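Read the structure below first, then the notes.
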Amino acid sequence: MKEFQTAKMDRRTGLLTVILLILLPVLAISSFFFEPQKLTVSIFLSLLFIAVIFISYAFVPKRIALSGEQILVQNLFGAVVINLNEIKSIEELEKTGLNLRTFGVGGLFGYFGYFNGRDVWYVTNIYKKVKITLHSGKIYMLSPDEPELFIEEIRKISAKRG
């Protein structure tokens, strides 16, 4: 099984992450000083913001691996398996474009979840995206550190399988 590093965050994603990692705790702490003080609301906000940070971090792909039959994308929640025989096309996308986040994380540590309806994203760097389109029409977006090498390896395996 060949492993690929997840791409480091791009500048925009890194800046947004830093801003949110500062802003969310400040908002949570400041809620304790509002008058009239509502302790339950302040505690709820604090727990909510902490949960948002940890859940967002858990979506970051820790491992992208390629075997002779599958692509494995693993994060703290589990693994997503993409069968190579289901791939219709694979291409590198460097453009950012306009994408609509349907359900997921939109900038804190990266972009994870559903975008543009049913596209599934595991992207940490918006300039190093690989678009994988399946025969079913489902689209996966990944961001390996070396997109060209990742695509090349998949094409080699697919060519061997015929």
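A straight line joining the Cα centroids of region 65-107 and region 1-46 runs 25 Å. GNM, the chain, Cα, under 10 Å: largest mean-square fluctuation among 72, 47, 16? Result for the chain, Cα springs under 10 Å: 47 fluctuates most.
From largest to smallest, what semi-axes in whole angstrom does region 71-162 give when each is the square root of 5 times an eigenvalue of its alpha carbon gyration tensor?
Those come to 22, 14, 13 Å.
To the nearest 10 degrees, how steeply does helix 39-59 sit against the main Cα axis of the chain, on a 0 to 90 scale? Computed tilt is about 20 degrees.
Here the chain is assigned +1 on the Cβ of each Lys and Arg and -1 on the Cβ of each Asp and Glu. Its dipole about the Cα centre then comes out at about 180 debye. For the pair residue 37 and residue 114, what calculated FRET efficiency results from E = 1/(1 + (r/R0)^6), where r is the Cβ-Cβ distance and R0 = 30 Å, to the nearest 0.05? Using R0 = 30 Å, I get an efficiency of 0.20.
For the residue pairs 8/160; 62/128; 8/88; 128/160; 95/156, the alpha carbons lie more than 21 Å apart in 8/160; 8/88; 128/160; 95/156.
Of the listed values (1) 17.1; (2) 16.3; (3) 17.8, grab the one calculated as Kirkwood radius over Cα pairs in Å from the structure here. Checking each listed value against the structure points to (1). Between residue 48 and residue 93, the contour length at 0.36 nm per residue exceeds the alpha carbon distance by 12.8 nm.
Considering only DSSP states other than H, G, I, E and B, which GluC sites (Glu not before Pro) in region 76-162 qualify as loop sites with at most 13 other Cβ atoms within 10 Å? Those that pass, being in a loop and sparsely packed, are 94. Residues within the reach of a label modelled at residue 101 (point 7 angstrom out along Cα to beta-carbon, backbone nitrogen below 19 Å), restricted to region 9-37, are 9-28. Result for the chain in a Gaussian network model with C-alpha springs under 10 Å: among 95, 62, 128, the largest mean-square fluctuation is at 95. Close amide-amide hydrogen proximity is noted between residue 93 and 129, 130, 131, each under 5 Å apart and 5 or more residues distant or on a separate chain (H modeled in the peptide plane; Pro and chain starts excluded).
Only loop residues by DSSP count here, and only those with at most 12 other Cβ atoms within 10 Å; note down the chymotrypsin sites (Phe, Trp or Tyr not before Pro) in region 1-97 that meet that.
Sites meeting the loop and neighbour criteria: 34, 77.
Rounded to the nearest Hz, the phi-derived 3J(HN,Hα) couplings of region 12-28 under the Karplus curve 6.51 cos²θ - 1.76 cosθ + 1.60 (θ = phi - 60°) are 5, 5, x, 5, 4, 5, 4, 4, 5, 5, 8, 5, 4, x, 5, 5, 5, where x marks glycine and proline.
We did not get these values from a lab; they are worked out from the coordinates using the rules stated. This structure is a prediction, so every number in the text was calculated from the model and none was measured. All Cβ positions, glycine included, derive from the backbone under ideal geometry; neighbour counts span all protein chains shown.
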